[in-house]
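Have a look at the structure below, then the notes.
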Amino acid sequence: MSYTSTGEVIALTPVEHVGSNGMAKRQIVIKTKDDKFDKTQPFVLLKERAEKCMATVGSRVVVSW
C-alpha cells in the first residue's frame, strides 16, 4: 500500500552529506489542502533521491511514500 500527497513546496533544505559514508540527505516541506484546512508535511529524501530532487520553493509536487 502506498500513500501520496499533493501540495506546494514551502521549504527545501540543501543537500547535506551525513555519517561516515557521506550519505546524501535533504528535507522538503509541502503545504497541502485537506478539505477546509491547510497543513504542512515534512519529508526526508535520502541517497539518490536527495541528489535528484529538482523541486523548488513554490513548485507543485506529488510525493509518494
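Per 0.36 nm of contour for each residue apart, how much would the distance between SER20 and TRP65 grow if the chain were fully extended, relative to their Cα-Cα spacing?
Working: separation 45, 0.36 × 45 = 16.20 nm, distance 2.63 nm.
Contour length minus the Cα-Cα distance gives 13.6 nm.
Give me a comma-separated list of calculated 3J(HN,Hα) values for region 30-40, in order, Karplus coefficients 6.51, -1.76, 1.60 applied at θ = phi - 60°, integers in Hz, x for any Gly or Pro.
Each residue's phi maps through the Karplus curve to give 10, 9, 10, 10, 10, 6, 10, 10, 8, 9, 10 Hz.
Write out the chymotrypsin sites (Phe, Trp or Tyr not before Pro) in region 1-60 meeting two conditions: DSSP loop, and at most 14 other Cβ atoms within 10 Å of their Cβ. Don't jump to the answer; show the numbers that get you there.
Details: sites: TYR3, PHE37, PHE43; in loops: TYR3.
Hits after loop and neighbour filter: TYR3.
So for region 1-56, if I pair up every lysine 8 or more residues apart or on another chain, how many of those pairs have alpha-carbons under 25 Å apart? Don't skip to the end; give the middle numbers.
Numbers: LYS25/LYS39; LYS25/LYS47; LYS25/LYS52; LYS31/LYS39; LYS31/LYS47; LYS31/LYS52.
Qualifying lysine pairs in region 1-56: 6.
May I ask you to evaluate 6.51 cos²θ - 1.76 cosθ + 1.60, the Karplus curve with θ = phi - 60°, for each residue of region 43-59 and list the ³J(HN,Hα) values in order in whole Hz, giving x for glycine and proline?
For region 43-59, the Karplus curve yields 9, 10, 9, 10, 6, 5, 5, 5, 6, 8, 5, 9, 5, 10, 4, x, 7 Hz.
Want the number for PHE43 to THR13: 0.36 nm per residue separation, take away the alpha-carbon distance, what's left?
Value of the extension gain: 9.7 nm.
If I take the Cα coordinates of the chain and project them onto the principal axes, what are the three extents in Å, biggest first?
44, 29, 16
Find how much the distance from GLN27 to SER5 grows on full extension, using 0.36 nm per residue of separation minus their present alpha carbon separation; answer in nm with one decimal.
6.4 nm
Which ³J(HN,Hα) values in Hz, rounded to whole numbers, follow from the phi angles of region 13-25 under the Karplus curve 6.51 cos²θ - 1.76 cosθ + 1.60, where θ = phi - 60° and Gly and Pro get x?
Coupling constants for region 13-25: 7, x, 5, 10, 10, 10, x, 5, 9, x, 4, 6, 9 Hz.
If amide hydrogens are placed 1.01 Å from N in the peptide plane, which non-local residues have theirs closer than 5 Å to the one on GLN27?
THR13, LEU45
Show me 17-24, 47-54, 28-35, 5-12 ranked by packing, highest mean number of other Cβ atoms within 10 Å first. Don't skip to the end; give the middle numbers.
On the way: 17-24: 9.5, 47-54: 11.9, 28-35: 13.9, 5-12: 15.4.
Going by the mean number of other Cβ atoms within 10 Å, highest first, we get 5-12, 28-35, 47-54, 17-24.
Just so you know, all these numbers are worked out from the coordinates, no wet-lab data involved. Note that the structure is predicted; figures quoted are calculated from it, not measured. Please note: Cβ atoms are built from the backbone with ideal geometry, for glycine as well, and neighbour counts cover all protein chains shown.
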